[in-house]
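S.K.: The structure is given below, and queries will be raised subsequently.
The values are calculated or read from the model by the stated rules, or taken from the named source; none is laboratory data. Note that the structure is predicted; figures quoted are calculated from it, not measured. So basically every Cβ, Gly included, is an ideal-geometry build from the backbone, and we count neighbours across all protein chains shown. When the accessible area is computed, the model is the full protein with side chains, heavy atoms only, and any ligands, DNA or RNA have been set aside. Shrake-Rupley method; radii C 1.70, N 1.55, O 1.52, S 1.80 Å.
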Amino acid sequence: MDPLMPPPVRRISLDAPPTVVEPPANGNGAGAGAGRARAGAEPSPHAVERMRCEGVTIAYGPKIAVNRVDLSIRQGEVLALIGPSGCGKTTLLRSLNRLTELTPSAARGGRIALDGEDLDAIEVTELRTRVSMVFQQPNPFPMSVFDNVAYALREGASRRPRKPALAEPVERALRRAGLWDEVKDNLEHPALRLSGGQQQRLCIARSLAAQPEVLLMDEPCSALDPVSTTTIERLILELREQIAVVIVTHNLQQAQRVADRVAFMYLGELVEQGTSDEIFRAPRAPRTRDYVGGAFG
Amino acid sequence: MRNAALAAKLRPRAAGRRLTRPERAELWLGALAVGLLALIAGMLVFVFRQAWPSFAHNGLSWFLPGGNANTQLADVYHSPADPAHYVYTLRAWPILYGTLLSTGLAVLFALPFSLLCALFMVEFAPPGIARLMTPTVRFLAAVPSVVYGLIGILVLAPWINDHLVSASFKLDVKPIVPIGGGGLLLATLILTVMIVPIMIAINADALRSVPRSWLEGSAALGVNRWRTWWKIGVRTARPAIAAGVVLATARALGEAIMLAMVSGSFIFAPNPLDGLNMLLEPIQPLAATIVVGAEGLSVKPYGQTLYAFAAVLLVSSMFLSIAGWAARQPMRRHGVR
Amino acid sequence: MSATAVRTRARDSASSWPLLDRVGLACCWAAGLALAAVAAAIVLYMGWKGISQLKPSLLVTHPTGDVDQSKAGGFLDPLEGTLLLTGLGILLAVPIGVATALWLVEYGRPAPLARAVESGVEIIAGAPSVVLALFGLTVFSSSGLSFMSFRASGADEAFGRSFAIAGIVMSLIALPSVVAAAREALMQIPNHVREASLALGKTKAATIRRVLLPSIRPGIATGTTLGMGRIVGDTAIVVLLLGNTLLTEPQTDVPVLGLLRGTGSTLTSYVYNNSPAGEGNAPDKAYAAAFVLMVLVIGLNALAARIARGRDGGPAWIR
C-alpha cells in the first residue's frame, strides 16, 4: 500500500534523559548539526499504526487545499508535516479530527481511518476526545488553571464529576505536560495570566487530561520563545511512546529535532515522506531538496 | 515642524478662520461635547429644583407605604390655590413597588429568553432561519411603544379580562381595586417583548465576538456544541450580558406610554398573598404616572410631585447607564466593542 | 477531484448529547421560534387591521375631533406633525452628534473628560423620554424663553410647549444613535488614512473635513435614520411638549416661526389619544394611524440596516 518502506522507529531509553534538545549554546536557534544524535535511539518494534489517510482531498469551495494524500500515523513515533505556508499541512491536520468541518465551505474526499474505523462513522465528540489538538496560538480558556485542565473531563462526561475526583487526573495531566511544578501552588489563578510558554503547555495538559490516543499539534512553538520551545520539544519526545503525535511545523530544525518521520507537502500534494534522515539528508524529489536546502519556503 | 507651531502660537488669532486652525477646531468640538455634560448637569438641577417641594415636605416617608396613593395624588391635584396651603402629602411606595415589580419580572423573563434566542441566532439555527432572525429582532425593537400599547389595550386586555379573571375574584376586590384586563401580567408581558430585542442584540453581538480560538479549542477536546457555547461562549460574554440586563432595565424603567395604556392605571401594590391573582391586579409605574398626570402639570403642587417621580427615574436611569457602560468595559479591553 | 469530494455532516448531531444538553437545545429552538411567532403575529395583526381600516382619504383630511367617527376626519395634521418634528429633531441631532463623535475619536483629550462625555452620551441614551420631556418643559417654561412657545395673557410662565421645544428635546433622543454610528464609522477608518493626509501637510481640521467626514457619510446616514426612527416612534415627548392639540395650530401669522411656536399632534399622540387610554376611543382610526406609523418606523429601520449593510460591502473610505 505505502510506496515507501516503513521507516525505522527509534526508541528513546526512558531512564536516560534525552540529551539532544538542550538549548543551543549560541542561543540563536538550533544549528542543523544538532539534529539527530539521540541517546539510545534505535528502531522501535512497537510502532503501531493508529490512523491512515487514503486519497484524502480537502477543498474550500472550488479551491483544493489538500490533494490525494496517503499517510500513515503511528504510535511510538512523531510525524512532522513540513512545507511552505499555504501548502495545506494545517488543513490536513485539522481534518484528522474533523475540525475542518467547522468551516462551512470545507468538503473532504477520500478516507481517513482511526484504528481501522472510518472517521465519519465515529461520533465527532468521541473522535475529538481520542484525537486531540493543540493550536498554533496558545488558547487557554478564560478560567483558572485547574478548570482549564479539568474542562474536557467535566464537559466530556454526561454527569459532571466533583472537584475532588478531578484533582488526581488534573495533576497527572499537568505533570505529563511538565507544568505541575510551576503551577501547583496557584491552580486557581486565571490561566490567561501565565506566560506564553506556560499557556501552551497548559493547552497540552488540557488535551492530555482526556487521555487522547493521537495528539495533533499545529505549529505549537511558533508563538513562543526559544526556552519554552525547548521545553515543549522535550515534552513531545516523551509523549510519543504513549500516543501518536503529529506536528505541523515550518521550522525545519524543529522537525529535525523532534520528528521520527517527516512528510513534505507542497501546494496541497504530499511530495515525499520518509524518515527524518531520508528527508533531510537524502531527499529524492527535487522540490524537497530545494525546500530542505533553503531554496524557497 | 516646531517652527510652524511656534509661528502659529505667535501669530495673532485671525477671526473667521475657525476650522482651519487645528487647535480651534479641537476647542469647538470639545466645547460641544462637554456641553452634553453640562446638559446632564442642567437636567439634574432643573428636575430636582422642581421636585424639591415634594421630597422636602414628605421626607424619607415619600418612599414608604402609607395611605392610598390615589387619593393622596387627588388631594395634591385639588390643592387650594394659595401657595401657603399647597398639599404635598404622598407615600409613593405603591408606585415604586409597581415599577420594581414590572421591571424586575420583565427582566427576569427576558434574560434567559434573550440568551437562548441569541444562541439560536448565532449558532444553532439553520442558516436560512438564522438569516430571518436579525430582521425579526430589528422589527421588534423598532415597533413604537404606542403600538405595543394599542395591541395590549385593544386585544390582550379584553382577552385576559374574559379568560383569566374569575368573576368571584373581581367581585371580592371590587371595593378596593378595579380589575380589568390590564395589570401586572399584561404590563410585564409586553414589557418583556419590548426589552428582549435590545438584550438579544447585545447578547448576540457578544457571542459573535467570542474568540474563535476558544470555541475551536473546546471543540477540539471533544466537547459538544451545546456545552462549548454554554461554557465558553456564554461565560466569555458575561460582561456584555450584564450590560444588556442593565440597559434593558433602564429601558423598562423609562417606558411610559405603553405602561400607561396597559397597566390598569390604578395605583395599587399587588399583594403577593393573592397568589397568582396578584398578576391580574393593576399597577401604575413611575413613568406611566407622569404621562397619566400630564394634564395636571399646570397645577403647581401636582406638577412638582410629577417632577419628583421624574427625579427618581432620572437618578436610577443614570446609575443604570453608568453601570451598563462600566460593565461593557472588560469586553472592550479584549478588543470586543 | 473536487467532484468526488463528499460534504460530510458539518456539525455533531444532537442525538449523541446528554439529555440535559438536548433539553437546552430544545429550549433554544423554542425561544427562537417563539420570538419569530410574536413578530409574525404583530405583523399579521397590524397589517390586517391597518389595511382594512386605512383609507387613502384619511391621509389627506384634517381631523375634526367629532365624536361621530364618520365625521372625525383623517390624520393629515398628525402626519404633518410627525414629519415636522422628525425633521427638526434630526437637524439638531446630526451636527451635534457628529461633532461629539469627532471629538471623542479624533481628539478625546483629556482622557478622563472624554470618558465622562462617553458615559454622558450613555446617560442621555438611557434617560427615559418622559424625564427628558419634563426637563424640557421646566427649562422652556421660564419666561425668558417664552419666544420658543408663547405666554398666555396674565401668566407669569411661558406655555413651554411647541414644535420648536418638542423638536429640541426630540434631538436628544436621536443624539445617541448618531454619536454611536458616527463613532463606529470613525473607528473603522484605518490610521494610515489619517497619517497619509497629515503627511501631505494637511492640518488635522482639514483632514477631518476633507477626508474623515466624507468617508463616514454612510455611518452618519445609518445613525440619522435610526435616530429618525426613534423620534417618529416616541410618544411621551409629544404628549407632554407638543401641546396635544389635534390640529396643527401656529402661533401668530409669521409663516415658519409661527408654526415652530405653535402646537399640534403627531401620529403617536393621535394613536394614544384615540385608544381607550386617551379620550377619543376610536380604535379603527387608531389602528389605521398605528399602521402608518409602523410603516414609517419599520421603513426607516430597514433603510438604516440597508445603509449599514452597504457600508460592509466595501470600505467606506475608498468612496
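S.K.: Go through the stretch C:79-126 and give me each residue that's of a type in the set (A, V, I, L, M), under 21 Å from B:VAL291 (Cβ atoms) and open to solvent by 10 Å² or more (accessible area, probe 1.4 Å).
M.R.: Across the stretch C:79-126, the qualifying residue is only C:ALA125.
S.K.: Here's something else I'd like to know. Identify, please: which residue in the stretch B:180-226 is open to solvent by less than 20 Å² (accessible area, probe 1.4 Å) and part of a loop (DSSP other than H, G, I, E, B) and is, among those, farthest from the other protein chains (Cβ to nearest Cβ)?
M.R.: In this case the residue turns out to be B:GLY183.
S.K.: Next up: Condition first: in contact (Cβ under 8 Å) with a residue 24 or more places away in the chain and surrounded by fewer than 16 Cβ atoms within 10 Å (Cβ to Cβ). Now tell me which residues in the stretch A:99-115 satisfy that.
M.R.: A:THR103, A:SER105, A:ARG111, A:ASP115, listed by residue number.
S.K.: Being modelled with pLDDT under 90, within 30 Å of C:GLU118 (Cβ to Cβ) and within 10 Å of another protein chain (Cβ to nearest Cβ): is that true of B:ARG24 here?
M.R.: yes
S.K.: Now for a separate question. Tell me which residues, restricted to the stretch B:97-129, are facing another protein chain (nearest Cβ under 9 Å) and in contact with a Phe, Trp or Tyr (Cβ under 9 Å, 6 or more places away or on another chain).
M.R.: If the condition is that a residue be facing another protein chain (nearest Cβ under 9 Å) and in contact with a Phe, Trp or Tyr (Cβ under 9 Å, 6 or more places away or on another chain), then B:LEU116, B:LEU119, B:PHE120, B:GLU123, B:PHE124, B:ALA125, B:ILE129 are the ones that fit.
Table: residues versus (1) under 29 Å from A:GLN256 (Cβ atoms); (2) surrounded by 24 or more Cβ atoms within 10 Å (Cβ to Cβ); (3) within 12 Å of chain B (Cβ to nearest Cβ).
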{"site": "A:ASP120", "(1), (2), (3)": "no, no, no"}
{"site": "A:MET133", "(1), (2), (3)": "yes, yes, yes"}
{"site": "A:GLN136", "(1), (2), (3)": "yes, no, yes"}
{"site": "A:MET143", "(1), (2), (3)": "no, no, yes"}
{"site": "A:ARG172", "(1), (2), (3)": "no, no, no"}
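Each row is one residue, and each column tells you yes or no for (1) within 13 Å of the chain's Cα centre (by Cα); (2) without any contact (Cβ under 8 Å) to a residue 60 or more places away in the chain.
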residue	(1), (2)
A:PRO212	yes, no
A:LEU216	yes, no
A:ASP225	no, yes
A:THR231	no, yes
A:LEU237	yes, no
A:VAL248	yes, no
A:GLN256	no, no
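S.K.: If you don't mind, there's one more thing I want to ask. For the stretch C:193-224, how many residues are of a type in the set (Val, Ile, Thr) and open to solvent by less than 10 Å² (accessible area, probe 1.4 Å)?
M.R.: So the answer is 2.
S.K.: Take the stretch B:283-326 and flag every residue that is open to solvent by less than 10 Å² (accessible area, probe 1.4 Å), small (Gly, Ala, Ser) and either assigned to a helix (DSSP H, G or I) or at pLDDT 90 or above (or both).
M.R.: Matches in the stretch B:283-326: B:ALA287, B:ALA288, B:GLY296, B:GLY303, B:ALA308, B:ALA310, B:ALA311, B:SER317, B:SER321, B:GLY324.
S.K.: Report, by residue number, each residue of the stretch C:56-73 that is open to solvent by less than 60 Å² (accessible area, probe 1.4 Å), at pLDDT 80 or above and part of a loop (DSSP other than H, G, I, E, B).
M.R.: C:THR61
S.K.: While we're on this one: Considering only the stretch C:131-142, I want to know if a residue exists there that is assigned to a helix (DSSP H, G or I), facing chain B (nearest Cβ under 7 Å), under 12 Å from B:ALA33 (Cα atoms) and more than 17 Å from the chain's Cα centre (by Cα).
M.R.: Within the stretch C:131-142, not a single residue is assigned to a helix (DSSP H, G or I), facing chain B (nearest Cβ under 7 Å), under 12 Å from B:ALA33 (Cα atoms) and more than 17 Å from the chain's Cα centre (by Cα).
S.K.: Moving on. May I ask you to list the residues in the stretch B:62-106 that are among the small types (Gly, Ala, Ser) and more than 22 Å from the chain's Cα centre (by Cα)?
M.R.: B:GLY66, B:GLY67, B:ALA69, B:ALA74, B:SER79, B:ALA81, B:ALA84 - these are the residues of the stretch B:62-106 that are among the small types (Gly, Ala, Ser) and more than 22 Å from the chain's Cα centre (by Cα).
S.K.: Exactly one of (1) out of contact with any helix residue (DSSP H, G or I) (no Cβ under 6 Å at 6 or more places or on another chain); (2) facing chain B (nearest Cβ under 8 Å) is unmet by A:ASP147. Its number?
M.R.: For A:ASP147, the exception is condition (2).
S.K.: Now for a different question. Which one of these does A:ALA191 not meet: (1) crowded, with 18+ Cβ neighbours inside 10 Å; (2) without any contact (Cβ under 8 Å) to a residue 40 or more places away in the chain?
M.R.: Looking at each condition in turn, A:ALA191 falls short on (2).
S.K.: Now for a separate question. Give the residues of the stretch A:86-98 that are part of a loop (DSSP other than H, G, I, E, B) and either open to solvent by 30 Å² or more (accessible area, probe 1.4 Å) or of a type in the set (Val, Ile, Thr) (or both), sorted by residue number.
M.R.: Selection gives A:GLY86 alone.
S.K.: Another question, then. With the condition kept exactly as written, say whether any residue in the stretch A:77-85 is within 13 Å of chain C (Cβ to nearest Cβ) and in contact (Cβ under 8 Å) with a residue 24 or more places away in the chain.
M.R.: No, there is no match, as no residue in the stretch A:77-85 is within 13 Å of chain C (Cβ to nearest Cβ) and in contact (Cβ under 8 Å) with a residue 24 or more places away in the chain.
S.K.: Determine the pairs where a residue that is in contact (Cβ under 8 Å) with a residue 12 or more places away in the chain, located within the stretch B:134-152, has a partner that is part of a loop (DSSP other than H, G, I, E, B) and of a type in the set (A, V, I, L, M) with Cβ atoms under 8 Å apart, the partner being 6 or more residues away or on another chain.
M.R.: Between residues of the stretch B:134-152 that are in contact (Cβ under 8 Å) with a residue 12 or more places away in the chain and residues that are part of a loop (DSSP other than H, G, I, E, B) and of a type in the set (A, V, I, L, M), the close pairs are B:SER145/B:ALA256; B:GLY149/C:ALA277.
S.K.: I've got another one for you. Failed condition for C:SER16, given (1) facing another protein chain (nearest Cβ under 7 Å); (2) within 30 Å of B:THR249 (Cβ to Cβ), with all others met?
M.R.: Of everything listed in (1) facing another protein chain (nearest Cβ under 7 Å); (2) within 30 Å of B:THR249 (Cβ to Cβ), C:SER16 misses just condition (2).
S.K.: Something else now. For the stretch B:80-104: of the residues being part of a helix (DSSP H, G or I) and of a type in the set (Val, Ile, Thr), which is nearest to B:ALA56 (Cα to Cα)?
M.R.: The selected residue is B:ILE95.
S.K.: Further question: Could you check how many residues of the stretch A:66-85 are over 17 Å from A:THR288 (Cβ atoms) and open to solvent by 10 Å² or more (accessible area, probe 1.4 Å)?
M.R.: Residues that pass the stated criteria total 3.
S.K.: Does B:ILE129 meet the test of being within 30 Å of B:GLY233 (Cα to Cα) and modelled with pLDDT of 90 or more?
M.R.: Here the answer is yes, as B:ILE129 does meet what is asked.
S.K.: Right, here's the next one. Considering only residues that are among the aliphatic types (A, V, I, L, M) and surrounded by 22 or more Cβ atoms within 10 Å (Cβ to Cβ), look in the stretch A:145-170 and name the one that is farthest from A:VAL245 (Cα to Cα).
M.R.: A:VAL145
S.K.: Which residue out of C:SER141, C:SER149 is at pLDDT below 90, open to solvent by less than 10 Å² (accessible area, probe 1.4 Å) and closer than 25 Å to C:THR245 by Cα?
M.R.: C:SER149
S.K.: Pairs under 7 Å by beta carbon, first residue without any contact (Cβ under 8 Å) to a residue 12 or more places away in the chain in the stretch A:148-167, partner part of a loop (DSSP other than H, G, I, E, B), six or more apart or different chains?
M.R.: A:GLU155/B:VAL223; A:SER158/C:PRO18
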